[in-house]
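Worksheet for the structure shown next.
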Amino acid sequence: MSRPSADAIVAFQEAALALLGPKGFLTDPTALAVALTDWRGLYHGKACGLALPDSTAVCASLVKLTAQHGIAVVPQGGNTGLSGAATPDASGDAVVVNLRRMNRIRALDTANDTIVVEAGCILANIQHAAAEADRLFPLSLTAEGSCQIGGNLSTNAGGLNVLKFGNARALTLGLEVVLPDGSVLDGLTVLHKDNTGYDLKQLFIGAEGTLGLITAASMKLFPAFKSRATALVALPALDVAPALLAHCRAATADQLISFELLPRFGLDLAWQHFQALNPLEHTADWSLLIEAATPATDFDVSLALERALGEALEVGEITDGLIAESEAQRRELWRLREGIVNAQPREGASIKHDIAVPVASVPAFVSDATKALSAAYPAVRLLCFGHLGDGNLHFNLLQPAGGDPAAFLDGTGAINRLIHDLVTAYRGSISAEHGIGQLRRGELQRLKSPVALQLMRQVKAAIDPGGRFNPGKVL
């Protein structure tokens, strides 16, 4: 895209201020600062303003102004992303658009099991609104208290319940989107079946703001859980995990919602930094946090999971295990999982991977990747955890204890290539739920099919011919 002149930037700032008012368009450096750095502090940019529109009509007018003056648009939700997709570049001639003032729940229909929400709604608030109506909105992430649904959709967020309910894409019925020319795609259908042509909403889910500005969404709801069972089990070896997954799904009538892989090193970190205690007597290299839940009142999901784990113990699929006997115990088990995530910044620099391979291939992939990394980088500490139930692993590397963070991060490119080449050999994905953003853009170009990349570029050129929407991201 061509860069706007200094005069064009000033003219845009004046017009945006007139449209949005002093509370809706900010240029003060202090107010801008929080929007110019990503959550992990890896990316830093500049912008000519932070726009906070409060309606779809105002969003459309704002985007028309950006088109008139040649200003790039960087959509930003709760700024909790992990791939640098919501951070502007260093040019300073983009406007960051945050929809936090568009946080209304427009409709909730329990007969149709749908909810229509604006893009600035905090994920936890949508969950709460659903719960008040005795319904479940199953998208659940570590950042759910601050992330916005617009950002969740833009990255096709996954999280803890994908095994049962799918990613954000699977939960979406329709979208309202402001396109790069300022026109509005009104696709807020609440129909569960609609075959009238191309499914246009899918273009924008996972596009990371490169094709338009999502302003609202119609989403699926589900019956609220009436009971749940949560277990922590120790494995004799990672190889048994796929069979155990199948066993538990069948035994619980496919009511399994989470099947999380926890490494011994991660549990040690959770204890070290947060006193999150591993209650199992056996100290295994790998453990699993398993949760099943049901809306049925006549199905004892706890008994079903207990029987499944008892059978697994008899055949050697697990070596130890326990089921939470109270909500307090359940929360303590989940503290282990949260502790693994939150301990990483306290250990220094890390190189993170958000990969997916077929579930049956997880043990072999982990074994091959561990051997390759140990041979090439013997001092690096491997922390592999995540959503084993859907094949999505956060295959992270922590800097050597007492090492130099900068020197460690200098090796990011080589480490990424090693991991991603192996993922590709296993017919996996280099990004399962965190997106491409800036972080994986080069690797996408290297590993994605040339035919697929060309189609992506054609879609981008058709919808955003000026390349103004989130430039430098994904493609």
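The values are calculated or read from the model by the stated rules, or taken from the named source; none is laboratory data. None of these values were measured; they are calculated from a predicted model. For neighbour counting, all protein chains shown are included, and Cβ atoms are generated from backbone atoms with ideal geometry for every residue, glycine included.
Condition check ((1) free of Cβ contacts under 8 Å to residues at least 12 places away in the same chain; (2) touching a helix residue (DSSP H, G or I) at 6+ places or on another chain (Cβ under 8 Å); (3) part of a strand (DSSP E or B)) across all residues:
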site: Ala67; (1), (2), (3): no, no, no
site: Val74; (1), (2), (3): no, no, yes
site: Ala86; (1), (2), (3): no, yes, no
site: Ser91; (1), (2), (3): no, no, no
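Among the residues of the stretch 1-50, how many are part of a loop (DSSP other than H, G, I, E, B) and within 12 Å of Ile71 (Cα to Cα)?
Selection size over the stretch 1-50: 7.
May I ask you to say which residue of Asn152, Asn156 is surrounded by 19 or more Cβ atoms within 10 Å (Cβ to Cβ), out of contact with any strand residue (DSSP E or B) (no Cβ under 8 Å at 6 or more places or on another chain), of a type outside the set (A, V, I, L, M) and not in a loop (DSSP other than H, G, I, E, B)?
Asn152
Mind counting the residues in the stretch 48-73 that are of a type in the set (Gly, Ala, Ser) and under 17 Å from Gly467 (Cβ atoms)?
Number of matching residues: 3.
Please go through the stretch 224-255 and pick out each residue that is in a strand (DSSP E or B) and hydroxyl-bearing (Ser, Thr, Tyr).
Correct list: Ser227, Thr230.
Can you pull out every residue in the stretch 302-339 that is in a helix (DSSP H, G or I), over 24 Å from Asp268 (Cα atoms) and of a type in the set (Gly, Ala, Ser)?
Answer for the stretch 302-339, where residues must be in a helix (DSSP H, G or I), over 24 Å from Asp268 (Cα atoms) and of a type in the set (Gly, Ala, Ser): Ser302, Ala304, Ala308, Gly310, Ala312.
Somewhere in the stretch 412-421, is a residue more than 29 Å from Asp268 (Cβ to Cβ), modelled with pLDDT of 95 or more, among the acidic types (Asp, Glu) and buried (at least 19 other Cβ atoms within 10 Å of the Cβ)?
no
Do the conditions hold for Glu332, that is, is it loosely packed, with under 15 Cβ neighbours inside 10 Å and either under 22 Å from Ala276 (Cβ atoms) or out of contact with any Phe, Trp or Tyr (no Cβ under 9 Å at 6 or more places or on another chain) (or both)?
For Glu332, the condition - loosely packed, with under 15 Cβ neighbours inside 10 Å and either under 22 Å from Ala276 (Cβ atoms) or out of contact with any Phe, Trp or Tyr (no Cβ under 9 Å at 6 or more places or on another chain) (or both) - is not met.
Condition check ((1) crowded, with 19+ Cβ neighbours inside 10 Å; (2) farther than 27 Å from His353 by Cβ; (3) of a type outside the set (A, V, I, L, M, F, W, C)) across all residues:
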{"residue": "Pro22", "(1), (2), (3)": "no, yes, yes"}
{"residue": "Leu36", "(1), (2), (3)": "yes, no, no"}
{"residue": "Gly77", "(1), (2), (3)": "yes, no, yes"}
{"residue": "Gly81", "(1), (2), (3)": "yes, no, yes"}
{"residue": "Ala90", "(1), (2), (3)": "no, no, no"}
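Ala107 fails exactly one of the following numbered conditions: (1) within 26 Å of Leu191 (Cβ to Cβ); (2) in a helix (DSSP H, G or I). What is the number of that condition?
(2)
Being modelled with pLDDT of 95 or more, surrounded by fewer than 18 Cβ atoms within 10 Å (Cβ to Cβ) and closer than 21 Å to Gly159 by Cα narrows it down to one of Ala360, Ala372, so name that one.
Ala360
For the stretch 340-357, which positions are over 19 Å from the mean Cα position of the chain (by Cα) and not in a helix (DSSP H, G or I)?
Gly348, Ala349
Only one of these is touching a residue at least 60 places away in the same chain (Cβ under 8 Å) and more than 19 Å from Phe469 (Cβ to Cβ): Leu17, Leu42, Leu36. Name it.
Leu42
For the stretch 196-245, enumerate the residues that are more than 30 Å from Arg100 (Cβ to Cβ), without any contact (Cβ under 8 Å) to a residue 40 or more places away in the chain and not hydroxyl-bearing (Ser, Thr, Tyr).
Selection gives Gly197 alone.
Please state which one of Gly467, Gly442, Gly472, Gly403 is of a type in the set (Gly, Ala, Ser) and assigned to a helix (DSSP H, G or I).
On inspection, the qualifying residue turns out to be Gly442.
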